[in-house]
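To start, the structure itself, in structure tokens.
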2 protein chains.
Amino acid sequence: MENEIYDPSKFERPSVTVDVIIFTIKDNSLKILLIKRGKWPFKGYWALPGGFVTINEPIEMAAKRELEEETGVKNIYLEQLYTFGDPDRDPRTRVITISYFALINSKNINLKASTDASDAQWFHAHRLPKLAFDHKKILEYALQRLRWKLEYTTVGFKFLPQKFTLGNLQRVYEIIFNKTFDKRNFRKKILSLNIVKTTKEIASHVPHRPSRLYTLRKSIGEIIKIL
Amino acid sequence: MENEIYDPSKFERPSVTVDVIIFTIKDNSLKILLIKRGKWPFKGYWALPGGFVTINEPIEMAAKRELEEETGVKNIYLEQLYTFGDPDRDPRTRVITISYFALINSKNINLKASTDASDAQWFHAHRLPKLAFDHKKILEYALQRLRWKLEYTTVGFKFLPQKFTLGNLQRVYEIIFNKTFDKRNFRKKILSLNIVKTTKEIASHVPHRPSRLYTLRKSIGEIIKIL
DNA sequence: TGAATAGTGTCTTTCAGACAATATGCC
DNA sequence: GGCATATTGTCTGAAAGACACTATTCA
């Protein structure tokens with residue numbers, strides 16, 4: 001590139017797509033949104049939502065577009081994951097895909113807004129059907145990254161509403177790490193990190209003692225050891 | 001992508017390149033290899049080594065190719081960093097670039113093997129000239145990642161020869177974090193992590209008391225808190 | 001009053017960090 | 001013997017982890 005006169009027609013170009021791994025927590029488990037393919041290749045298989053990056057569109061905007069089409073929601077946490085580009089990952093042509101992952105509070109989702117329910121479905125993150133393309137590999141990478149991010153940043157709070165209880169938060173961590181934490185130690189740690197602010201509100205209409213509500217204080221990007 | 005009949009000619013495709021940030025440690029500082037551009041755009045500016053991903057080539061292979069062309073060395077540690085694709089980052093056409101970073105022991109480098117020395121030069125990582133394209137942004141991202149990787153993995157050992165002293169290792173960390181560590185605490189930590197193996201060899205022909213040599217025990221990818 | 005979760009404190013162990021004196025090979 | 005780096009241990013403070021009982025709301 002550096003030492004040649006540039007002539008775009010000289011090079012056959014790959015296609016570029018984005019694929020989005022949309023995580024949420026629902027029914028006490030980590031869920032991933034998949035779309036059933038209606039066409040060749042991998043017709044009938046489940047796949048990550050994705051699509052082409054158009055010629056004048058920032059990559060992240062393409063990912064956002066897919067995300068909004070499938071969930072009906074804007075302003076979702078979105079982060080670039082990794083770029084996969086094995087020459088034979090798509091039987092149609094050379095396709096390089098830039099993967100993103102998104103975290104969303106399931107209360108906010110409005111699936112029907114855009115997609116026929118039979119085509120889009122939430123799957124338990126650890127009980128997935130056969131996936132199209134190399135999407136299994138992409139998902140495994142995303143799961144690794146998700147665990148790391150929960151351990152070292154506050155992105156895990158994206159699974160929660162703006163006001164949440166420490167019990168809610170602990171459940172998020174327990175689901176994703178698939179183990180239990182001691183309630184006293186968990187609270188001690190979260191409170192000592194100074195990442196949450198107590199509100200004056202108390203949850204109500206729960207069939208047990210209600211809990212105080214908290215909000216997140218820290219900014220989301222920051223690296224801060226949580227666990 | 002999922003719901004349309006595929007017709008490659010329907011979409012105007014971006015060009016896809018790789019750019020490689022090659023780090024080494026030389027003369028007690030962290031260095032980055034840059035190439036002087038001889039053509040428009042950014043003629044005369046310094047830029048990261050990079051080039052097009054050809055149509056049947058795995059992305060990482062393109063990065064390896066650039067790396068070997070510039071350093072004359074194979075089997076260098078190489079890791080995908082991030083994909084940059086702002087529509088106007090290259091004035092010629094839409095170019096999406098997948099960046100990689102490489103760590104290499106400076107003893108292994110053979111710059112002259114491939115490139116005219118006036119075109120390729122090592123720069124102090126914190127005293128860079130004006131860079132072409134968005135390469136400054138890419139480099140800043142790479143520096144962040146490098147620091148993180150040294151803190152949480154054993155990639156830092158890639159700056160060292162296979163057999164090294166604990167003093168060598170400490171110097172790598174001191175250069176990249178730009179601070180000094182207590183020698184006793186540093187050794188205590190490295191040895192307690194069980195990531196190095198002592199050899200029976202002793203460095204020799206140094207103008208002071210020679211040190212025992214160590215080799216790395218752990219695999220490189222693994223996440224393990226070092227500092 | 002029973003069900004279900006909220007809320008709270010202490011002890012022990014482990015790890016991080018501060019700190020300085022002696023040893024050795026080479027010239 | 002002088003130079004330059006190697007090698008080694010203790011103490012202190014902070015944080016992690018184990019552990020169990022009482023409180024509160026609602027049905």
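Some notes on this structure:
- The set of residues in the range B:184-227 that are near DNA strand D (Cβ under 8 Å from one of its atoms) and either basic (Lys, Arg) or part of a strand (DSSP E or B) (or both) comprises B:Arg184, B:Arg187, B:Lys188, B:Ile202, B:Arg209, B:Arg212.
- Test for B:Thr154: is it within 30 Å of B:Leu213 (Cβ to Cβ), among the polar types (S, T, N, Q), more than 16 Å from the chain's Cα centre (by Cα) and away from every other protein chain (no Cβ under 14 Å): no
- Boolean, A:Pro49 is surrounded by fewer than 20 Cβ atoms within 10 Å (Cβ to Cβ), touching an Asp or Glu at 6+ places or on another chain (Cβ under 8 Å) and not aromatic (Phe, Trp, Tyr): no
- Odd one out for A:Leu67 among (1) more than 9 Å from chain B (Cβ to nearest Cβ); (2) assigned to a helix (DSSP H, G or I); (3) farther than 27 Å from A:His126 by Cβ: (3)
- Each residue in the range A:148-189 was checked for being in contact with a strand residue (DSSP E or B) (Cβ under 7 Å, 6 or more places away or on another chain) and within 11 Å of DNA strand C (Cβ to nearest atom), and 3 pass.
- Matching option when the condition is at pLDDT 95 or above and farther than 21 Å from B:Tyr141 by Cα, among B:Val53, B:Val20, B:Val73: B:Val53
- Cβ-Cβ under 9 Å pairs, at least 6 apart or on other chains, the range B:199-216 side closer than 19 Å to B:Phe157 by Cα and free of Cβ contacts under 8 Å to residues at least 12 places away in the same chain, far side within 12 Å of DNA strand C (Cβ to nearest atom) and not in a strand (DSSP E or B): B:Ile202/B:Pro210; B:Ile202/B:Ser211
- Subset of the range A:69-81 that is surrounded by fewer than 19 Cβ atoms within 10 Å (Cβ to Cβ) and in contact with a Ser or Thr (Cβ under 8 Å, 6 or more places away or on another chain) - its residue that is farthest from B:Gly85 (Cα to Cα): A:Gly72
- Extreme residue, nearest to B:Leu78 (Cα to Cα), among residues of the range B:8-52 that are part of a loop (DSSP other than H, G, I, E, B), more than 7 Å from every other protein chain (Cβ to nearest Cβ) and among the hydrophobic types (A, V, I, L, M, F, W, C): B:Leu48
- Complete set of residues in the range B:182-196 that are surrounded by 11 or more Cβ atoms within 10 Å (Cβ to Cβ) and without any contact (Cβ under 8 Å) to a residue 40 or more places away in the chain: B:Lys183, B:Phe186, B:Arg187, B:Lys188, B:Lys189, B:Ile190, B:Leu191, B:Leu193, B:Val196
- The residue that is surrounded by the most Cβ atoms within 10 Å (Cβ to Cβ), counting only those in the range B:162-180 that are within 12 Å of DNA strand D (Cβ to nearest atom) and not in a strand (DSSP E or B), is B:Leu169.
- Residue count for the range A:199-209 under the criterion of being near DNA strand C (Cβ under 9 Å from one of its atoms) and either surrounded by fewer than 13 Cβ atoms within 10 Å (Cβ to Cβ) or outside the structural domain of A:Phe164 (by TED's automatic domain parsing) (or both): the result is 5.
- Take the conditions (1) of a type in the set (A, V, I, L, M, F, W, C); (2) outside any strand (DSSP E or B); (3) more than 8 Å from chain A (Cβ to nearest Cβ); B:Ile55 misses just one of them, which is (3).
- Entry remark, the range B:91-101: residues being more than 9 Å from every other protein chain (Cβ to nearest Cβ) and either free of Cβ contacts under 8 Å to residues at least 12 places away in the same chain or part of a loop (DSSP other than H, G, I, E, B) (or both) number 1 in total.
- Some residue of the range A:127-147 being within 10 Å of DNA strand C (Cβ to nearest atom) and in a strand (DSSP E or B): no
- Residue check, B:Ile226 surrounded by 11 or more Cβ atoms within 10 Å (Cβ to Cβ), under 22 Å from the mean Cα position of the chain (by Cα), modelled with pLDDT under 95 and within 11 Å of DNA strand C (Cβ to nearest atom): yes
- Conditions (1) more than 14 Å from chain B (Cβ to nearest Cβ); (2) at pLDDT 95 or above: number failed by A:Arg217: (2)
The values are calculated or read from the model by the stated rules, or taken from the named source; none is laboratory data. Please read all numbers here as calculations on a predicted model, not as lab measurements. Backbone-built Cβ (ideal geometry, glycine too); neighbour counts: all protein chains shown.
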